[in-house]
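What follows draws every value from the coordinates through simple rules; no lab data is involved. Please read these numbers as outputs of a predicted model, since none were measured by experiment. Reconstructed Cβ throughout: ideal geometry from the backbone, glycine too, with neighbour counts over all protein chains shown.
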Amino acid sequence: VNIPAHLDALIRELSRLPGIGPKSASRIAFHMLKMAQGDVEHLARAMTDLKEAISACSVCGSISEGSLCPVCSDPAREASLICVVENAKDVITIEKTGEYRGLYHVLGGVISPLDGIGPEDLAVKGLLSRCSGGAVGEVVIATNPTIEGDATALYLARILKPLGIRVMRIARGLPVGSDLEFSDSATIARSMIGRVEL
Ligand SMILES: [Zn+2]
């Protein structure tokens, strides 16, 4: 089959996105061919604007439209409490529960020796320096309930406790091996309330 080069290029780019296989990529590309020019341009602009407008918060590493994210710049948040999450997506998931009033710290992943990811590849240093000032009393570790997520939680507990920080782990309401992103708000809120000390 002779696919026009421009169509082929788009299909290739789309197939690189998470959750989109070659079949879906092709379906989306053919759909775009039928879309109005203006709609395609809006879509393209939303993608380039996203990269220009959104960066990482300089304090917590969550996504932000300025150098400080809305959570870090909110004086009403409890500054003595930090919730550690794997990704910025998890911040949004926990914020949706409306139950958490502290700050966040985005690790950017979990420790995974098999994938060659160690603490130095994650935002651990930043977390340590935030916890060294004496303003933070408690850290809740909300990494996903996977083997790597649990190992990362234990590692963080080991390095944070000597700083006089109370280190907690979100409760086991979440199914083992699951992903925070796909859990419902009530379950996440429950696991936050029922957190246990590490
Ligand atoms: Zn922030």
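Can you give the charge dipole size of the range 93-154 about its Cα centre, rounded to the nearest 20 debye, using +1 on the beta carbon of Lys and Arg and -1 on the beta carbon of Asp and Glu? Please report the intermediate quantities before stating the final value.
Numbers: 4 positive and 8 negative charges, 56 e Å.
For this selection, approximately 260 debye.
How big is the gap, in Å, between the Cα center of the range 126-164 and the Cα center of the range 62-113?
14
Among the GluC sites (Glu not before Pro) in the range 50-86, which ones are in a DSSP loop with at most 12 other Cβ atoms within 10 Å of the Cβ? Mind listing them?
Listed in order of number, the matching sites are Glu65.
What are the lysines whose alpha-carbon lies under 28 Å from the alpha-carbon of Lys96, with same-chain residues fewer than 8 places away excluded?
Correct list for Lys96: Lys51, Lys125.
Starting from the Cα of Lys89, draw a straight line to each of the aspartates and glutamates and keep only those under 13 Å, dropping any in the same chain fewer than 8 residues away.
Within the straight-line limit of under 13 Å, Lys89 reaches these aspartates and glutamates: Asp179, Glu181.
Once you treat every alpha carbon in the chain as an equal point and sum by Debye, what is log10 I(q)/I(0) at q = 0.09, 0.10, 0.13 Å⁻¹?
So the normalised log intensities are -0.44, -0.53, -0.79.
Order these peptides, 148-156, 180-188, 39-47, by their mean beta-carbon neighbour count within 10 angstrom, highest first. If you can, show how the numbers build up before the last one.
On the way: 148-156: 20.2, 180-188: 15.7, 39-47: 10.8.
Sorting 148-156, 180-188, 39-47 by mean packing, highest first, produces 148-156, 180-188, 39-47.
What net charge do the residues around Cys131 carry, taking every other residue with its C-beta under 14 Å from that of Cys131, with Lys and Arg at +1 and Asp and Glu at -1?
Numbers: positive: Lys125, Arg130, Arg158, Lys161, Arg166; negative: Glu138.
Cβ neighbours under 14 Å give a net charge of +4.
Might you report the magnitude of the Cβ-based charge dipole of the chain about its Cα centre, with Lys and Arg at +1 and Asp and Glu at -1, to the nearest 20 debye? Don't skip to the answer; put the middle values down first.
Details: 20 positive and 23 negative charges, 55 e Å.
Computed charge dipole of the chain: roughly 260 debye.
With runs of 4+ DSSP H residues as the only contributors, calculate the mean residue ellipticity of the chain at 222 nm using -39,500 (n - 2.57) per run, divided by the residue total and rounded to the nearest 500.
On the way: 7 runs with 83 residues, N = 198.
Result for the chain, helices only: -13000 deg cm²/dmol.
To the nearest 20 debye, what is the magnitude of the charge dipole of the range 29-118 about its Cα centre, counting +1 on the Cβ of each Lys and Arg and -1 on the Cβ of each Asp and Glu?
For the range 29-118, the charge dipole is close to 80 debye.
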